[in-house]
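The values are calculated or read from the model by the stated rules, or taken from the named source; none is laboratory data. Computed from a predicted model, the values in this text were never measured in an experiment. Neighbour counts are summed over all protein chains in view; Cβ atoms, including those assigned to glycine, are modelled from backbone coordinates with ideal geometry. Each accessible area value is taken on the protein alone, full model and side chains, heavy atoms only, with ligands, DNA and RNA left out. Shrake-Rupley method; radii C 1.70, N 1.55, O 1.52, S 1.80 Å.
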Amino acid sequence: MMQVLSPNEMTVSYKLSPMSFESTAELLDAADLGLNDYGWKLQPEAQKTLMMGLSLAQAGCNVLVLGTPGSGRAALTMAAMKASAVTGIDSSLTDLVALYDFSQQSSVNYIKLPAGLGAQLRTVMDSFIKTLIAEMQQWIDASGQVNLSQAETWLEERVDGLRSQLSSAKLSPFFNIIKPEVLAYLQAWQQVGNDGDNGADSIVNEGFLSRFRVNLLVDQRANLTSGVKQPVVEEKDPGFAALFGMIETAAGESAQWPEFLRLRAGSLHQADGGMLLLHLRDLMQDESNGSALLEKLYRLMRNREVQIEDWANHAQQGAGGNRHSALPVHVKIVMIASREDYYDCLEAQPDFFDFFPIKVEFEDRVSATLDNYAWIAGYIARKCQQQALSHFSGAAVNVLLQFMHRLEEDQSRISTGFAHLDQLMHESAAVAAEARLITDAHVKQALSARLLRQQFFEAQIRDSIIDNELLIQVHGNVVGQVNGLTHIELGDASFGSPIRITARCYPGRSGVINIDREVNMSGPTHDKGIYILQNWLSASFWALAPLSLNASLVFEQEYTGVEGDSASCAELFALLSALTGLPIKQGMAVTGALNQFGEVMPIGGINEKIEGYFRVCEALGLNGEQGVIIPKRNQRHLVLDDSVVTAVNNGMFKIIAIDHVLEGIAHLTECEAGTQETDGTYAGDTLMAKAQNALASYRHTLERNQARMSYFQQHQDPLNL
């Protein structure tokens, strides 16, 4: 049944009871909760699943976090990972060092050492090399010969000292090789000879000595100091080198270094034994390597080992370039993704997510309960404290909550888009300037300023309507013409605008012709709506089937194309008006889709459509006869601007909700719709009876004209053929 909505039915402000505090500062002492705690209060199931996933130590138990950007998914997930790294599974932190492989000079020895030992080893070996350089020059006698006995004694003492300083079984082979390698070098140098006075200097060869240096790839001292049990790494710019490590180009001083000293660790090495946070979008949107990155990461999860490769020469040297031995890694990957990116990737590489058995779903919206309102108010208080903003009054928090309802377009649910809330809070603080308390007036002023910033294109269209270049009529009554409503999104600007829809009817057999479709200016969803409209019309007048009707529908002055089925009700109303000759109130705009039974279906962008049309009517002159007809199923989605609610309250604008298309056309034409009899006819002086009579007259006209044409064709002079 048609319903004229009251002001309270088109907003949520009446549902938001005044907050019991004067300032959000009062909330800081009420609960010992941090910013992330308040975020988790709105995502209890996500928190439970995530913590369970992080607690699993088995290989391959990676975690996929799904949610809308701005919902707090990244910040909350990272906070949970850091908390788990402190209180969760105890994992031994390990440094990773790369040493020269004396047995295979083209390879490298990777050694994992207890946290802190890697840096100690590097320092000790740097000191050893520095001392060795000074000693080597002392081992050369006046004749230029090396005193190998003296060298051997010194090396034995020093190596024993190294062993006592760094007692690790993993380092024994490395320490054991030092003395024989140095002695072999000294013997070779002595056999080659020297050039007299420069002999002592020439014995020092940095290329040889650098073999004893230590490349500290992963240093866990910071985590060890902070008491973290597992490393937690977030890779914000993933690429091959960033994720899997790289070999630096040999240039300048590094040109004489052995290759193992030019190895650099990737995020996967840094996160070994812990967790790595990645964003799926960052991987997919890599223009040159997107699919290859995902494939490489897939192989890592399958094989659980990583190789450092020369990515700079990757293209010239074929797959992989220079490779070193694979290093086993145990990393829990936490992948953050939007649902759109997830399903796109799932379609392209369906087996990739086999290694993500734990799926965490972040809610885009939550129920508008008093508890959830309270959690958001607490979040606002903590955010003010963290960002050093002035605190908000209770009334200002109500406006912020109404804004969160508006984001979701739902009176019973509220958005979890905290990024949008944070932005509005900062804008409100800027409006409040030096004020110690941000009030509802400040927040409303910030929202008005935002609307003005985003109104450029809407203002251009509205000016065209005012100047009568874009033909929109909001006064009077016209046959076969109605104002539909479009929803336009351009970047951060989202607004509604009226568009004229017209219809013409005459006898024929073609049925309903959509001109936009005929010239390929309509999309499939809009075409679907037209077919539904046509079949509803045929079913409503089945007693006259097949209908003897030619009807044309068009969006006037539309040159960029039409998509969506939200105008199908408006198109039907224009068609019925043209068919019956009953004029339509031009002040009432229409939005809504219909199904084959004439039920009106909900559509999107309802608030923007109503407000956009209201601003046009306001510019052309409100007279109390303007308004919008909407689907009743959209009533819960109304969170309208105060200016519209005020106009409705003053009787200058109206919003009417309908369940069935006949309710809408009856109001627009002020003619009773009528009910169908068992024989398919409509009785009385109703709108549907008028339409039925018009269709019957079309049939009669068509039959009469066809008989006349047949007569003329039979009696036509053959000489004139």
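A few remarks follow.
- Fraction of accessible area attributable to carbon and sulfur, the range 125-241 (%, probe 1.4 Å): 45 percent
- Evaluated on the range 29-150, the Kirkwood hydrodynamic radius is 20.1 Å, with distances taken between all distinct Cα atoms.
- Bridge orientation summary for the chain: considering DSSP beta bridges with both residues in this region, about 55 percent are antiparallel.
- Summarising the amide proton neighbourhood of Val65: residues at separation of 5 or more, or on other chains, whose placed amide H is nearer than 5 Å comprise Met335, Ile336, Ala337, Val360.
- For the chain, the per residue solvent-accessible surface stands at 46 Å², with DNA, RNA and ligands left out and a 1.4 Å probe.
- 15 Å beta-carbon shell around Leu640, net charge (K/R +1, D/E -1): -2
- In the range 616-721, the portion of solvent-accessible area held by carbon and sulfur atoms comes to 49 percent [1.4 Å probe, whole percent, DNA, RNA and ligands not counted].
- Crossing angle, helix 440-453 versus the chain [Cα axis fit, 0-90 degrees, rounded to tens]: 80 degrees
- Solvent-accessible area, 1.4 Å probe, carbon plus sulfur percent, for the range 424-534: 53 percent
- The lysines whose alpha-carbon is closer than 18 Å to the alpha-carbon of Lys654, local same-chain residues fewer than 8 away aside, are Lys585, Lys609, Lys632.
- By the rule of a C-alpha distance below 12 Å, with chain neighbours fewer than 8 residues away ignored, the aspartates and glutamates paired with Lys48 are Glu361.
- Rounded Å value of the spacing that divides the Cα centres of the range 403-457 and the range 136-168: 74 Å
- Met588 long-range amide H proximity, modeled H, under 5 Å: Gly627
- Peptide packing for 667-680, 609-622 was compared via the average number of neighbouring C-beta atoms within 10 Å per residue; ordered from the highest value, the list is 609-622, 667-680.
- Nearest-ten-degree value, helix 290-303 long axis tilted from longest Cα axis of the chain: 60 degrees
- Working note: Debye formula, equal point scatterers on the alpha-carbon atoms of the range 139-237, no solvent; log10 I(q)/I(0) at q = 0.17, 0.21 Å⁻¹ is -0.89, -1.15.
- Pairwise Cα distances in the range 528-669 exceed 21 Å for 45 percent of all pairs.
- Stokes-Einstein translational diffusion, the chain - Kirkwood Rh over all Cα pairs, 0.692 mPa s, 37 °C, in µm²/s: 101 µm²/s
- The chain, relative contact order [Cα under 8 Å, separation at least 6], %: 15 percent
- Take each peptide in 338-344, 291-297, count the other Cβ atoms within 10 Å of every residue, and average; sorted highest first, the result is 291-297, 338-344.
- Straight-distance crosslink candidates among lysines, where the alpha carbon sits under 29 Å from Lys112 and sequence neighbours closer than 8 are dropped: Lys82, Lys130, Lys170, Lys179, Lys229, Lys236, Lys296, Lys332
- Counted by Cβ distance under 10 Å from Phe555, the other residues give a net charge of -3, where Lys and Arg count +1 and Asp and Glu count -1.
- With Cα atoms, 0 to 90° folded angle of helix 117-138 axis to the chain main axis: 40 degrees
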